[in-house]
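We did not get these values from a lab; they are worked out from the coordinates using the rules stated. Here the structure is a predicted model, which is why all the values come from computation and not from measurement. Cβ placement follows ideal geometry from the backbone for every residue including glycine, while neighbour counts extend to all protein chains displayed.
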Amino acid sequence: MLRAWLRSRFANDLDVDDVVQEAYMRVLKAYKEKPIQAPKAFLFATARNIALNMVRAAAVRGENIKGNWDDLDTLDSGEDIHEIIQRNQELET
């Protein structure tokens, strides 16, 4: 489900498998420190942020990765993780 969601929003230029693997690693690392209240929302938000970072890095290198940017809700760096998770849970319901 996560791969399909990423593929629907990012072009084929993005290595979705790398994003998924990195997202799972980060979620597992976060879970070891503290239980995650909404793991699915946290996983999707983490994957989205990783993918956006990869797109930004590609832009710095002069590469152009196409995607459906209108559907992505870019997170404000000032937001607390609990607020982000709560907002994502509300969006899922």
### Task
Multiply the residue gap between Asn12 and Glu90 by 0.36 nm, knock off their C-alpha separation, and tell me the result in nm, one decimal place.
25.1 nm
### Task
Rounded to the nearest 0.05, what FRET efficiency do Gln37 and Arg61 give with R0 = 35 Å and r taken as the Cβ-Cβ distance? Could you check?
0.45
### Query
Karplus couplings for segment 22-27 from phi (6.51 cos²θ - 1.76 cosθ + 1.60, θ = phi - 60°), rounded to Hz, Gly and Pro as x?
5, 4, 4, 4, 5, 5
